[in-house]
Amino acid sequence: MNKNFKKLAFLSCVFGICAIMYFGLGLEFTLNFSFALFSFFLIVLTVFFIQKRKILNVIQNASKEELESLVDFPFKNSAYEQTDSTKSAKDSTEKSHNQNEETEEMDKKQRFWHSFNAQNAKTGAKMFFVPLRLMMYGILVIGILILMQRELFDVFAFFLGLVSANVLLILWLTIPSKS
């Protein structure tokens, strides 16, 4: 399945769902559902393009050594790799197996909590307060307020649209495509 066909099939599915809802559930339901669906897609696309631009910028400014060090980064971390003797000792008894699992779990929790620092918090805050991203959330909030002002807001339809958007996005990402 080529990429253009995948895009066309996806858009046809989305518009088909909205058309069926319009004829079956009415304008108000369809309006809320569609608004939630398309707002979600706008936010996800915005975040995707912001992250893509940031990653490309980091790659362009990185040295050759930095790029080579990233090749095996998530998979090879010698501080946390287990040796064969540790693995065989784990298999020797049920009790030592449980103790090793508890130790590994404690190590994971410690690594998780030690990864929080001021720099990570600062980076996270910067990513949230990107103007384009805030604009997309603003569109979502303003749209909800407009629907509420005109007494057209249907909470069930809106949240069903958000859930459907998540499901459609997962389907979009899991359907294989051949370039």
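Screening GLY138, GLY161 for residues that are under 30 Å from SER34 (Cβ atoms), open to solvent by less than 50 Å² (accessible area, probe 1.4 Å), at pLDDT 90 or above and in contact with a helix residue (DSSP H, G or I) (Cβ under 7 Å, 6 or more places away or on another chain) leaves exactly one candidate, GLY161. For first residues located in the range 45-59 and touching a residue at least 40 places away in the same chain (Cβ under 8 Å), partners that are loosely packed, with under 12 Cβ neighbours inside 10 Å and lie 6+ apart or on another chain with Cβ distances below 7 Å form the pairs THR46/LEU132; ILE50/LEU132. Taking the range 18-103 as the region of interest, the helices (runs of 4 or more DSSP H) fully inside it that hold 3 or more residues being within 30 Å of LEU140 (Cα to Cα), of a type in the set (Gly, Ala, Ser) and modelled with pLDDT of 85 or more are 27-61. Taking LEU169, is it assigned to a helix (DSSP H, G or I), over 23 Å from MET21 (Cβ atoms), of a type outside the set (S, T, N, Q) and at pLDDT below 90? Criteria not met by LEU169.
Identify all residues within the range 138-156 that are in a helix (DSSP H, G or I) and more than 18 Å from LEU42 (Cβ to Cβ); write none if there are none. Can you show your working first?
First pass over the range 138-156, keeping only residues in a helix (DSSP H, G or I): 138-149, 155-156.
Correct list: MET148, GLN149, VAL155, PHE156.
The values are calculated or read from the model by the stated rules, or taken from the named source; none is laboratory data. All values derive from a computational prediction rather than experimental measurement. Note that we place each Cβ from the backbone using ideal geometry, even for glycine, and neighbour counts take in every protein chain shown. Heads up: the accessible areas ignore ligands, DNA and RNA and are worked out on the full protein's heavy atoms, side chains in. Shrake-Rupley method; radii C 1.70, N 1.55, O 1.52, S 1.80 Å.
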